[in-house]
Amino acid sequence: ARPELASMYWSVDEGIGQVLDRLDTLNLRDNTLVFLLSDNGGAAANQSDNAPLKGFKGSKFEGGHRTPFVMSWLGTIEAGSSFDGLISAMDVYPTAAAAAGVSSTIGKPLDGINLLPYLLGDFSGDPQEVLFWSRSVEGGARAGDFKLVGHEAHGWRLYNLEEDISETKDLSQENTELVEQL
């Protein structure tokens, strides 16, 4: 149903393979941290199906921005391992800087977090305590398992993603203090 999109994914996969093969040829693979991620969920315009997640590209629901975030660093990050903490694309820069052994602050604080201590088992939990999103009249906040999604004209809805990944049960009326806090 989506041959153009499928061919783009195929092309990305081939390109990543070529990059990794070249790193192997140059004996740089174990000295290179590779990131692969997207900036948003699937778009409604290309018939994407984000199920069981609610929403599409651009929305504050999980289907609008929850994406795979893959990292590879042979000999440092255990192959096939996974991490389920709250992270963001903002974490790429401080993680890459730490891997290179350079300061990531440049005299200013960063929103991102160095993920290496979490991936190597030195730290546990969520690297990001709270994440916020906004676009036009929509907004969202995530703290732990709870996510607040709102629209200026339609109010705010609170979800527990651990219990309701599809964001179907609004908990805002029974958790007004958390809604106010977020």
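The values are calculated or read from the model by the stated rules, or taken from the named source; none is laboratory data. Note that the coordinates shown come from a computational prediction; the quantities given were computed from them, not determined experimentally. Note that we place each Cβ from the backbone using ideal geometry, even for glycine, and neighbour counts take in every protein chain shown. Quick note on the areas: whole protein, heavy atoms, side chains included, nothing else; ligands and nucleic acids left out. Shrake-Rupley method; radii C 1.70, N 1.55, O 1.52, S 1.80 Å.
A few remarks follow.
- Subset of the stretch 1-15 (residues that are open to solvent by 100 Å² or more (accessible area, probe 1.4 Å) and modelled with pLDDT of 90 or more): Trp10, Asp13
- The one condition in (1) small (Gly, Ala, Ser); (2) surrounded by fewer than 19 Cβ atoms within 10 Å (Cβ to Cβ); (3) closer than 27 Å to Glu167 by Cα that Gly150 fails to fulfil: (2)
- Of all residues in the stretch 41-81 being at pLDDT 90 or above, among the aliphatic types (A, V, I, L, M) and surrounded by fewer than 19 Cβ atoms within 10 Å (Cβ to Cβ), the one that is farthest from Val149 (Cα to Cα): Leu74
- Matching entry among Lys108, Lys147 (being of a type in the set (Lys, Arg) and in contact with a Leu (Cβ under 8 Å, 6 or more places away or on another chain)): Lys147
- Hits in the stretch 88-108 - residues which are open to solvent by 70 Å² or more (accessible area, probe 1.4 Å) and among the hydroxyl-bearing types (Ser, Thr, Tyr): Tyr93, Ser103, Thr105
- Criterion: of a type in the set (Gly, Ala, Ser), open to solvent by less than 30 Å² (accessible area, probe 1.4 Å), at positive phi and within 17 Å of the chain's Cα centre (by Cα) - qualifying residue of Gly139, Gly144, Gly85: Gly144
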